[in-house]
1. At 18 Å minimum axial length over the Cα atoms and a Kyte-Doolittle cut of -1.0, report the qualifying DSSP H helices in chain A, or say none.
2. From the Cα trace of the stretch A:225-295, what convex hull volume per residue do you get, rounded to a whole Å³?
3. Quick check: pseudo-label points 7 Å beyond the Cα along Cα→Cβ at B:Asp143 and A:Ile19, how many nm apart are they?
4. Convex hull over the alpha-carbon atoms of the stretch A:58-116: what's its volume per residue in Å³?
5. How long is the stretch B:3-90 along each principal axis, judged by its Cα atoms, biggest number first, in Å?
6. Taking the C-alpha atoms of the stretch A:280-321, how large are the radius of gyration and the largest Cα-Cα span, Dmax, in Å?
7. Is chain B rounded, prolate or oblate when judged by the Cα gyration tensor, a ≥ b ≥ c being the square roots of its eigenvalues, rounded requiring a/c under 1.5 and prolate requiring a/b larger than b/c?
8. Show me the helices of chain B, taken as full DSSP H stretches, that run 20 Å or more along their long axis by Cα and average 1.0 or above in Kyte-Doolittle hydropathy.
Amino acid sequence: MIALLAADLPYWAQTLLRILGGLVAVLLPAGTIVYLFLFKMMSFMQSRLGPMEAGPYGSMQLFAEVGKWLQKEDITPARADRVIFKIAPLVVLASTFLLVAVVPFGPDAWFTNFEAGVFYLLAVSSVSVLGILMAGWSSANKYSLLGGLRAAGQLIAYELPMVLAVIGVIIQAGTMNLQGIVVAQNGGEIFGWNGLGNPYILTQFTGFIIFMIAVQAELTQTPFDMPIAESELVSGYMTEYSGFRFLTFFIAEFATAGVFSLIASVLFLGGWGVPFAWFDWKSIDDVSDWMNVVGPLIMFTKMMVLAFVIMWVRFSYPRFREDQLQRFAWKVLIPISLVNIMITAILKVAF
Amino acid sequence: MIAADLLVAQNVGFGIISLLMIVAALRVVTVNNVVHAALWLVVVLSGAAAQYLLLSAEFVAITQVLVYVGAVMVLFLFGTMLTRARIGAESDLNNKNWALGIPVALLMLGVMSYVIIDGFGSERLIENPGDMEPIPVQVISDDIFGPYLLPFWALSFVLLVAVIGAIVLARKD
């Protein structure tokens, strides 16, 4: 869509379109995840109805929640570092928007087509740690500081298995460009049979599992929610935030869940594409224009499936202890992902 | 220089980002709070990444963000917050030898400028800056793992030694 229009639109219009597209790509998944999974699915898993009053089946509940948060007073603690306290939620949210910038939604529907897309994703996903540390420190509250430090320790630990799990995909696809990875999967074949393409979840299953565990930890969702463990730290680095600034953190949390699901579906599930053999497409240039409309829908479906898995795990498991959490990252996930890289590299050379 | 050679938007961007970086760099050494200084340093380092992007050095820019903003600065902040990170002004941050830093910095500037001007002079990377394209990552990796393989191995070895040293230092028994 965006690249199709780019040919005949002035620069400011392209920029405006990109900003609007980015807002939709970040906020729509966040809203859907919060309503469908956080409100409704959690309620059904706990044998209750969840929100029912606002709209049919409580479907307008999100607007009620946002309205509630917008009305609340914006409180800054008296001894807090005011400027940093106010910037911190924006840094976290900005990292989410930077992430979505390289996700391809169709053959021409992308915001930017970075050569080193995967590398960029891994780099900007670590920017949110800065925001969390800023929030924890500037609140002038020891629970917040502890939460911020725990979050930083956890995010650093789980970033490594995430990077290493993705390397397997990069080796197999032979490119770091996300569009290239999508094409490599849908144009690929399994032992000469190309009816399904070659989604990397089949060949890189270990990598996929490690990636999803690392995503769960990066999002600080239960079982990895030590940073906001409410029974010991009130709400971790978010303790002192109220009103709109809390809402920013909240949106960032679920928007990042959506964006990481999008990324995982690009890396492992074939992204926007359908197997190219179905329509006799040879390369990305043959792909029909209607994929620019169907592609985002396919992406959204895959995102919902992965977000469902993330939320399912979240509501099912108890919390890891801090030492178990660190040991799991360094002694289990990282060695397994290193072995995975080795095996992938050997097989790549062998075949 | 003829007008067609000038990349107006890029030059304006360079100016704005440089100004921001200079202000931030000055704030790093003048601000009286450790965490604030570290955060200003983040601005400087991200500014450097933005400058690399303007030179269409994508890979270097992303590496700059990944290594400096994502890892080094997070560890800096993590360390200071664990040990000494009071909110508000601190009085004892200045070392009494701080003035010595000025001649050292000027000397560094002189040496670096001399090396760059002597090494490249009026050479240009490409004839027409408008045609500048990002260098594919594969070319970079072919260079690192081709002609520069031996220095790469040496660096890896140094890093390995550092990691083992860190483990030895951290272990109490």
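Throughout, read-outs are computed from the coordinates displayed, never taken from laboratory work. Just so it is clear, the structure is predicted and the values come from calculations on it, not from any experiment. In this analysis, Cβ positions are derived from the backbone assuming ideal geometry, glycine residues included, and neighbour counts consider all displayed protein chains.
1. Both cut-offs are met by A:11-32, A:82-100, A:142-173, A:205-218, A:243-268, A:291-316, A:334-350.
2. Enclosed volume per residue, from the Cα hull, is 130 Å³.
3. 3.7 nm
4. Given the Cα convex hull of the stretch A:58-116, per-residue volume reads 137 Å³.
5. The Cα atoms of the stretch B:3-90 stretch 54, 25, 12 Å along their principal axes.
6. Expressed in Å, the Cα Rg and Dmax of the stretch A:280-321 come to 17.2, 52.
7. Oblate, since a/c reaches 1.5 and b/c is not below a/b.
8. B:8-30, B:34-54, B:101-120, B:149-170
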